[in-house]
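Notes to accompany the following structure.
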Amino acid sequence: MKLSKLLICALALLSMGAKAQMLGGKRETYTRADSLRGYQSPLRTCYDINYYHLDVKFDIDNKFISGSNLFKFTATDDFIKLQFDLFANLKVEKVVYKGKELPYTREFNAVFVTFTNTITKGSKDQFTVYYSGNPTIAKRAPWDGGIVFAKDSLGNPWVATACQGIGASIWWPNKDQQADEVDSALISISVPKGLIDASNGRLRKVTDLKNGYTRFDWFVANPINNYDIEANIGKYTHFSDSYMGEKGKLTLDYWVLDYNLAKAKKQFGENVKDMIKAFEHWFGAYPFYEDGYKLIEAPHLGMEHQSGTAYGNHYGNGYLGRDLSGTGWGLKWDFIIVHESGHEWFGNNITSKDLADMWIHESFTNYSESLFVEDRYGKQAGQEYVHGTRFAIQNDSPILGIYNVNREGSGDMYYKGGNLLNMIRTIINDDEKWRGILRGLNKIFYHKTVTYDDVVNYINEQSGKNLSPVFDQYLKYKGIPILNFMETEGKLYVRWISDVKGFNMPVRVKIKGGEYEFITPSTRFKPVDIKNANKANIEVDTFNYYIGVMVD
């Protein structure tokens, strides 16, 4: 970009961001209920959840659910009391331990259970929660949480769960936080006869309960976060395929409404294997071979339910027929298949410990879209795609949320986060090293929960560069940095204007007609070390860098 004028808007964004940080920006009031939901108190950290058996009956006509959840755990400390979570509108029928009911109390959506004896550190134990009620009905799933009670186009019942963010305790009792994933789970869903449930993992058994209901038992062999556990109920039909991937044969299973079978075979056939090929190349082996890969047609747009991705893009390319990049590249593939499946690596394999770090899920997965485009159509196409998504960036508030109160940050975690990661790739300037970092993240943090520092420090170590100031600027502040040039006495100087002290992001510049080269400005003016550079001929790589530029 030729620097012929002051980019006032970029400077304004920065100054507003600084003011928001100084004043705290738009302040929200957090309550005791928020802390109970988001904070890892000793009543939660005292036990490590090992196994769930969730057994739920769906009375669809009355929008009523009833059932139980078995908690198997290992004590991480001596305790007599613990917390689990269930929304207050659902009734706890009883909590059973060794055949006897335990006393419990409720506060907001938290439930506190008191044992009759001390549970000793290192011991393995279990209890079962029985519950029932009319669950929260999602009105705009997947953007709000709860259960969708819908009808398919033929008038048949069509039901699905979606609860990312608000939490799985909106429909079943669990230890509702992201830091401690259950190691494995059995999901038993009972539905009116003639309907089918499709959930996570592999179908183990189908049982006619002889009471007008059929139970479907699905087993998940891998660690899974709570919001991924799902029920999808409808007039489904099933077809399957397989893919020879990095760990051998990966089963591909599809559960779709019976009248959409032909469309599903075509659309899934054109997208799924290319997606897995691209993501295994960039991120490593699909993380859940034991549970298989699955797409399940849903009455909402989609959700990254582990080993059972919910799909509602109506068997068309783009995002409901739209290209979110405005480049044309986004209309050549099915957005929901690619984006939601990308979460199998970032979100499901690697999960943030706190909702505040949802950028780890969404920024990397947004960026994965451009890597899919690159794998199919070449690097330039991928770069054009990620650049094109910038028009949706709001710079309204920091991407990083508030810790310990279950609050994620700005929706800029998608497009701004994807552009941030593309800048990191540009700075590293070694595509094989960058690919190794992405694969390494999925290997080092395989089936683990992580923090902000875990991810950023790993990228720093593997790249050999201190990129913490870059991540901090783009994630912790809403403004973008300004590359500020000043010419005096025939000499061109440059500095960064930023919120982060000591900000020194390397950036690619060139003089008109020349080749790009890296300079490393600081927050103090210093000479631009490029022969014959002046404010009239200096150009900045604003295609790969999402920054403001100002010339004095």
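The values are calculated or read from the model by the stated rules, or taken from the named source; none is laboratory data. What you are looking at is a predicted structure, and each value in this text was computed from that prediction instead of being measured. Because the Cβ atoms are built from the backbone with ideal geometry, glycine has one as well, and the counts that use them run over all protein chains shown. Each accessible area value is taken on the protein alone, full model and side chains, heavy atoms only, with ligands, DNA and RNA left out. Shrake-Rupley method; radii C 1.70, N 1.55, O 1.52, S 1.80 Å.
Things to note:
- In Hz, Karplus ³J(HN,Hα) per residue of the range 415-424 (6.51, -1.76, 1.60; θ = phi - 60°; x = Gly, Pro): 6, 5, x, x, 5, 4, 5, 5, 5, 4
- The range 319-447: translational diffusion in µm²/s, Stokes-Einstein, Kirkwood Rh over Cα pairs, 25 °C, 0.890 mPa s: 164
- Accessible area of the range 370-525 belonging to carbon and sulfur atoms, whole % at 1.4 Å probe: 43
- Computed [θ] at 222 nm, deg cm²/dmol, the chain (DSSP H ≥ 4; -39,500 (n - 2.57); rounded to nearest 500): -7500 deg cm²/dmol
- Residue-wise HN-Hα coupling along the range 333-340, computed from phi with Karplus coefficients 6.51, -1.76, 1.60 (Hz; x: Gly, Pro): 7, 8, 4, 5, 4, 6, 5, 5
- Neighbours of Trp434 by Cβ distance under 13 Å: Lys/Arg scored +1, Asp/Glu scored -1, total +2.
- Taking Lys and Arg as +1 and Asp and Glu as -1, the other residues whose beta-carbon sits under 14 Å from that of Phe268 total -2.
- Packing-based order for 378-390, 189-201, using average beta carbon neighbours within 10 Å, highest first: 189-201, 378-390
- Accessible area (Å², per residue) of the chain, counting only protein heavy atoms and a probe of 1.4 Å: 39
- Net charge, Thr488 excluded, C-beta distance under 15 Å - Lys, Arg +1, Asp, Glu -1: +2
- Close amide H pairs (under 5 Å, H built 1.01 Å from N) link Asn50 with Lys72, Phe73, Thr74, Asp183, residues at least 5 positions away or on another chain.
- 3J(HN,Hα) along the range 256-271: 9, 4, 4, 7, 9, 4, 5, 5, 5, 4, 5, 5, 5, x, 7, 10 Hz, from the Karplus curve 6.51 cos²θ - 1.76 cosθ + 1.60 with θ = phi - 60°, whole Hz, x for Gly and Pro.
- Using Cβ point charges alone (K and R +1, D and E -1), the dipole size of the range 281-358 about the Cα centre works out to roughly 220 debye.
- Peptides 147-158, 518-529, 500-511 ranked from most to least packed by the mean count of surrounding Cβ atoms within 10 Å: 500-511, 147-158, 518-529.
- Expressed as a whole percent, the accessible surface of the range 168-274 that belongs to carbon and sulfur atoms is 50, based on a 1.4 Å probe.
- Taking Cα centre as origin and charging only the Cβ of basic (Lys, Arg, +1) and acidic (Asp, Glu, -1) residues, the dipole magnitude of the chain rounds to 540 debye.
- Proximity of backbone amide H atoms, modeled 1.01 Å from N, is registered between Asn200 and Glu230 at under 5 Å, excluding neighbours fewer than 5 places apart on the same chain.
- When the pairs Lys277/Lys465; Lys205/Lys448; Lys205/Lys247; Lys247/Lys443; Lys353/Lys443 are compared against a 24 Å limit on Cα-Cα distance, Lys277/Lys465; Lys205/Lys448; Lys205/Lys247 fall above it.
- Once the C-beta distance of Asp274 and Glu107 is scaled by a Förster radius of 60 Å, the resulting FRET efficiency is 0.75 to the nearest 0.05.
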